[in-house]
Amino acid sequence: MDKKFHPEKCKDVVWEGRADCQGCSIRGSVVLAGVDLALYENLLTSIMKFCYPGKTVLYNEGVKANYLYTVRKGLVKLEDTLEDGSVRIVRLIKQGQIVGLETLLDHEQRYEQTAVTIHETEVCRIPYRTFHSILEQDPGFIDAVMEQWHKQLEASEQVIVEFSTGTLRQRLAHILLLLVEDANHNHLVEVQMIPIEDIAALAGVTKESVSRILAEFKRNQVVIKSGPNRVRLNEEALRKMTEM
């Protein structure tokens, strides 16, 4: 049985033991969902659960991959370092998605970006060799991995198109909607807010500009503070902004 997730405990990296793939509460949404786990019992013993505090670097760009990570709870950003030394967020990895998937397509097995947790994040850390061994033995698993890779590429295009075009209000509305797990709400949805500097990096603007628009959203009850680093979003209002 999965241990209850307590974000406040992740002030340091916490090893939570060997992953229970059979009893995983989110197994239906992860890439291993269609795999007959009984066939790979020995391999799966190498998968470990960790809880990381926010702003933890899981790996750095250009480093040879030893692990891939399935996000169980929380959010991970993938960053590119540009020629001028600035950092650009190219993708956000959410629950059920894999961090480091691109290494499977790189003959040098290197990470393309730097992966950093945005806030407290729980992951299953999968050794690269374990993941690759299952790929070699299960053709159906290859299809599932390629499907997720395709979805992640689409998400990267979303960052380029939705987060960098239109008015700043529209761009921030798109970013906030990304935090909503279920896309069919028409009421207030509570989410864990991401830092202003990350919103600014996604939108390609200054933190001051983001703060100004967020203050406007709060005055208009589009964003309502509900606790430490948590807000309720008026999803209907945000979606209307993106359609203007």
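FYI, it's all coordinate maths here, none of it is from the lab. Bear in mind the structure is a predicted one, so any value in this text is a computation, not a measurement. With ideal geometry, Cβ positions are generated from the backbone for all residues, glycine too; neighbour counts draw on all protein chains shown.
Taking label points 7 Å from Cα along the Cα-to-Cβ direction, His107 and Leu168 give a separation of 4.7 nm. Calculated FRET efficiency, Ile160 to Lys218, Cβ-Cβ distance, R0 = 25 Å: about 0.35 to the nearest 0.05.
Go ahead and run the numbers for FRET between Lys64 and Ile142, Cβ-Cβ distance against an R0 of 22 Å, rounding to 0.05.
On the way: r = 22 Å, r/R0 = 1.01.
Plugging the Cβ-Cβ distance into 1/(1 + (r/R0)^6) gives 0.50.
For region 168-242, with only Lys/Arg (+1) and Asp/Glu (-1) charged at the beta-carbon, what is the dipole magnitude about the Cα centre, in debye rounded to 20?
Values: 11 positive and 9 negative charges, 64 e Å.
Approximately 300 debye in magnitude.
Take the residue pairs Lys77/Lys151; Lys151/Lys225; Lys94/Lys218 and return only those whose Cα atoms are more than 20 Å apart. Result: Lys151/Lys225; Lys94/Lys218 exceed 20 Å.
Using packing as a proxy for protection, rank 194-201, 118-125 so that the peptide with the highest average count of other Cβ atoms within 10 Å comes first. Can you show the working numbers first?
Values: 194-201: 18.5, 118-125: 23.2.
With the highest mean Cβ count within 10 Å placed first, the list reads 118-125, 194-201.
Taking amide H as placed 1.01 Å from N in the peptide plane, the amide H of Ser226 sits under 5 Å from that of Val231, Arg232, each at least 5 places away or on another chain.
Within region 84-115, which GluC sites (Glu not before Pro) sit in a loop by DSSP and count at most 13 neighbouring Cβ atoms inside 10 Å? Counting only loop positions with at most 13 other Cβ atoms within 10 Å, the GluC sites (Glu not before Pro) in region 84-115 are Glu108. Place a point 7 Å from the Cα of Val180 along the Cα-to-Cβ direction; which residues of region 217-244 have their backbone N under 11 Å from it? So the set is 233-242. The calculated FRET efficiency for Ala237 paired with Ile196, based on their beta-carbon distance and R0 = 22 Å, is about 0.65.
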